[in-house]
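One structure is given here, and the rest of the page talks about it.
The values are calculated or read from the model by the stated rules, or taken from the named source; none is laboratory data. Small disclaimer: the values here were computed from a predicted structure and weren't measured. Positions of Cβ are generated from backbone atoms using ideal geometry, with glycine treated the same way; all protein chains shown enter the neighbour counts.
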Amino acid sequence: MACKASFMSSNRRPHRPLAGFVTLLILAAAALPAMAADITLPDSLAQWYKPANKRQVWLHTMFAMRRELQATREYLQQEDGEHALKWANRLAEHYARMPEMVPEWRDEYDMASIDALIEKTAARDFDAALRASDEVTRDCRSCHRQYQALTALKFRWPDFREQRVVLDDGSERDYDEHMALLSTTLNRIRIASDDERWSEATRSLDALREQLGMLGKGCASCHDDAAPRERILGAETEQTFDQLAQSLTAADGKRSGRLLGEAAVAVCARCHGTHRLLSDMRRQLFD
Ligand code: HEC
Ligand code: HEC
Ligand code: HEC
């Protein structure tokens, strides 16, 4: 809007170099939506994912096509026309569902190569059929390069803003609020150690363990098995915290500093490497 206004005012008293510059600005601004479109995903995709759909339909169509393409190619290489045709037909069926599911990606679908694959396979022209399957593979890759990671991130990575941490008294707290508290508590241990206030440091360590305990109860809302929780908040972490408690009691600043660093990596950084990084990326790209 600002560009446009200054363009119009410069029009009254024509000033060529400035007008040219402003035109450039407008052209640059016009190019922006095209760049942004690279991370825009079609609306129709949402209906093939949770929560709109019970199953991850788009993803399962993909798994099926990978299997079908593999089978088709392996049978073509063995010059087994009958089996190759069976799998090529299945592939074509799933392939044809893509433009029905997500019509916005019409430029990404290569129907001609699929048709050629069926035709050459039916004619038992194995070399030509394999070449057509190469073309199909190229087409799969071209769409994936642009959209695969974005789609997985947008539709399959959980939104932690919908997650609550259930506290010991039964009340609930937002995830990011609990995180801010963890960070404050962790730093209190460090500050108190630095000032050689050992009992204050120990109190903060107890608080941290308690807060992590409450966080850990929520792992099960996404993870069916105990292994992910064990890996980050399990026996090894408990052992590090026990050693840290001992070193605080012993007023050993050097050792407690090292153990606290170890715990921060094993607990905070390890969990952030997946959960927080992807959540932050998802928010930056799509919110
Ligand atoms: C589930 C594994 C997990 C563990 C363990 C974990 N975090 Fe986090 N942390 C997250 C996630 C997920 C987010 C992003 C939350 C969001 O998007 O709202 C986050 C965000 C944060 C933030 C940013 C909060 C904000 O306001 O955006 C801080 C600070 C933080 N964590 C500190 C810590 C500290 C310190 C520890 C270790 C004592 C820790 N976290 C342990 C998952 C974890
Ligand atoms: C029009 C775009 C498009 C085309 C064409 C396409 N795909 Fe995909 N594919 C995607 C998207 C988007 C994803 C990410 C889905 C997700 O992670 O939920 C994906 C994911 C996949 C995956 C999952 C990968 C993994 O390990 O998580 C496989 C396998 C796959 N595609 C196979 C194929 C095959 C084989 C073809 C060609 C016959 C093909 N795709 C053509 C868009 C496309
Ligand atoms: C909102 C859902 C959600 C919550 C809550 C959650 N996770 Fe995860 N976590 C995931 C998803 C999704 C993945 C990736 C796919 C998978 O492994 O299931 C993952 C992966 C992991 C992994 C394997 C990857 C890695 O970093 O090694 C670990 C370990 C893990 N989570 C630990 C935890 C712990 C510990 C907690 C609780 C403190 C937790 N998760 C809470 C969703 C969640």
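Among the helices (runs of 4 or more DSSP H) contained in segment 207-287, which hold 2 or more residues that are within 16 Å of ligand 2 (Cβ to nearest atom) and surrounded by 16 or more Cβ atoms within 10 Å (Cβ to Cβ)?
Working: elements: 227-233, 235-249, 253-263, 277-286.
Per the criteria, 277-286.
Only one of these conditions is not met by LEU76: (1) in contact (Cβ under 8 Å) with a residue 60 or more places away in the chain; (2) in a helix (DSSP H, G or I). Which number is it?
Going through (1) in contact (Cβ under 8 Å) with a residue 60 or more places away in the chain; (2) in a helix (DSSP H, G or I) one by one, LEU76 breaks only (1).
Just checking, how many residues over segment 149-192 are in contact with an Asp or Glu (Cβ under 6 Å, 6 or more places away or on another chain) and within 14 Å of ARG276 (Cα to Cα)?
First pass over segment 149-192, keeping only residues in contact with an Asp or Glu (Cβ under 6 Å, 6 or more places away or on another chain): 164, 166, 192.
Restricting the remaining residues to those that are within 14 Å of ARG276 (Cα to Cα) gives none.
Number of matching residues: 0.
Out of the residues in segment 155-188 that are within 10 Å of ligand 3 (Cβ to nearest atom) and in contact (Cβ under 8 Å) with a residue 60 or more places away in the chain, which is nearest to SER44 (Cα to Cα)?
Filtering segment 155-188 for residues that are within 10 Å of ligand 3 (Cβ to nearest atom) and in contact (Cβ under 8 Å) with a residue 60 or more places away in the chain, the one nearest to SER44 (Cα to Cα) comes out as ARG156.
Given the conditions (1) over 35 Å from the mean Cα position of the chain (by Cα); (2) without any contact (Cβ under 8 Å) to a residue 12 or more places away in the chain, report the number of the one that GLY261 does not fulfil.
Exception for GLY261: condition (1).
Being more than 13 Å from ligand 2 (Cβ to nearest atom), at negative phi, out of contact with any Lys or Arg (no Cβ under 8 Å at 6 or more places or on another chain) and of a type outside the set (Phe, Trp, Tyr): is that true of ALA96 here?
Values: more than 13 Å from ligand 2 (Cβ to nearest atom): no; at negative phi: yes; out of contact with any Lys or Arg (no Cβ under 8 Å at 6 or more places or on another chain): yes; of a type outside the set (Phe, Trp, Tyr): yes.
Criteria not met by ALA96.
Considering segment 186-206 alone, what residues qualify as being of a type outside the set (A, V, I, L, M), within 14 Å of ligand 1 (Cβ to nearest atom) and buried (at least 19 other Cβ atoms within 10 Å of the Cβ)? Quick ask: steps written out before the conclusion?
Filtering segment 186-206 for residues of a type outside the set (A, V, I, L, M) gives 187-188, 190, 193-200, 202-204, 206.
Applying the additional criterion that residues be within 14 Å of ligand 1 (Cβ to nearest atom) yields 187-188, 190, 204, 206.
Listed by number, the list holds a single entry, SER204.
Only one of these is at pLDDT below 95 and of a type outside the set (A, V, I, L, M): GLN246, GLN163, GLN148, GLN239. Name it.
Values: GLN246 fails: at pLDDT below 95; GLN148 fails: at pLDDT below 95; GLN239 fails: at pLDDT below 95.
Answer to the check: GLN163.
Residues checked against (1) among the aliphatic types (A, V, I, L, M); (2) within 18 Å of PHE63 (Cβ to Cβ):
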| position | (1), (2) |
| --- | --- |
| PHE126 | no, no |
| HIS144 | no, yes |
| LEU150 | yes, no |
| ASP159 | no, no |
| VAL166 | yes, no |
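I'd like the full set of residues that are of a type outside the set (Phe, Trp, Tyr) and touching a Lys or Arg at 6+ places or on another chain (Cβ under 7 Å), limited to segment 245-287. Let's see the steps before the verdict.
Let us first name the residues in segment 245-287 that are of a type outside the set (Phe, Trp, Tyr), namely 245-285, 287.
SER247, LEU260, ARG282 - these are the residues of segment 245-287 that are of a type outside the set (Phe, Trp, Tyr) and touching a Lys or Arg at 6+ places or on another chain (Cβ under 7 Å).
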